[in-house]
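The values are calculated or read from the model by the stated rules, or taken from the named source; none is laboratory data. Small disclaimer: the values here were computed from a predicted structure and weren't measured. FYI the Cβ positions are ideal-geometry reconstructions off the backbone, even for glycines, and counts take in every protein chain you see.
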Amino acid sequence: MQGLVTFIMRGRSQAALVAALFAVLSLLFPLAGMLSSATVALATLRQGPGEGLVVGLFAGLASGIFIFAALGSPLPALGFALALWLPVWVLAVVLRNSHSPALTAQAAGLAEENSRLKAEKEKLAAAVFGGQNQIDSLRSEYETFKQEASDLVGMKAKTDALSAELEQKKQQVFRDVFIDRLTNPSALFEEEVMNNTNA
């Protein structure tokens, strides 16, 4: 490890090469990303924020070329710069200027809490969006149910009207037949005779 640190401290090109190499290796071995970040932090602590930023930029360029050759896209190098090197570079600047590990740890904790809150905010926004979709779906189902209920109420009104009309016709037929037979008993007798002769 001492030999690696000595090599990193020789100059910015060596530091950028080590940072880029370990960043590319972190695609296969995730722990290599910590060594890449440590390289940028070491350059920042020993030679200042400007030099650490230059090492990070050169490492980003070098890892972008490596990744473009391997994967056909340099975009993962941007991920290295934002996810691996930028947070560590900021913490190294805080430590270099304050000489206080406690303050640096607090800054790291605040950054972590900020990241967690952003993630919670995104989850909450997704839940609200999902809830809004569920509300819209329920509203649509309610409108469909309301329309079907309205159709059923209309059908019940028609059924009640037909039922009332049928009852009136039934009473009318009953009156016509019963009253006709009561007022004309001879017609009843003639009908009985006709039924008996046909049988």
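For region 10-21, the set of residues classified as closer than 12 Å to I67 by Cα and either in contact with an Asp or Glu (Cβ under 6 Å, 6 or more places away or on another chain) or not small (G, A, S) (or both) consists of L21 only. Using the structure shown, decide if G56 is small (G, A, S), part of a helix (DSSP H, G or I), closer than 26 Å to A107 by Cα and free of Cβ contacts under 8 Å to residues at least 24 places away in the same chain. So G56 fails the test.
Would you call A62 of a type in the set (A, V, I, L, M, F, W, C), more than 29 Å from Q106 (Cα to Cα) and surrounded by 15 or more Cβ atoms within 10 Å (Cβ to Cβ)?
So A62 passes the test.
Exactly one residue out of F80, F68 is under 27 Å from Q106 (Cβ atoms), hydrophobic (A, V, I, L, M, F, W, C) and modelled with pLDDT under 90: that is F80.
Per the listing L138, L124, L166, L152, the residue uniquely of a type outside the set (D, E, K, R), at pLDDT 80 or above, under 60 Å from the mean Cα position of the chain (by Cα) and closer than 30 Å to A83 by Cβ is L124.
Which pairs do you get when a residue that is polar (S, T, N, Q), found in region 1-30, comes within reach of a residue that is in a helix (DSSP H, G or I), reach meaning Cβ atoms under 8 angstrom, with the pair 6+ apart or on two chains? Qualifying pairs under 8 Å: S13/F58; Q14/F7; Q14/I8; S26/A32; S26/G33; S26/S36; S26/F80; S26/L84.
Checked against (1) more than 37 Å from the chain's Cα centre (by Cα); (2) surrounded by fewer than 20 Cβ atoms within 10 Å (Cβ to Cβ); (3) over 21 Å from L110 (Cβ atoms); (4) of a type in the set (A, V, I, L, M), A43 passes all but a single condition, namely (2). Hey, does region 125-140 have a residue that's in contact with a Leu (Cβ under 9 Å, 6 or more places away or on another chain) and either surrounded by 10 or more Cβ atoms within 10 Å (Cβ to Cβ) or not polar (S, T, N, Q) (or both)? No, region 125-140 contains no residue that is in contact with a Leu (Cβ under 9 Å, 6 or more places away or on another chain) and either surrounded by 10 or more Cβ atoms within 10 Å (Cβ to Cβ) or not polar (S, T, N, Q) (or both). For region 91-109, state whether one or more residues are at pLDDT below 85 and assigned to a helix (DSSP H, G or I). Checking region 91-109: not a single residue is at pLDDT below 85 and assigned to a helix (DSSP H, G or I).
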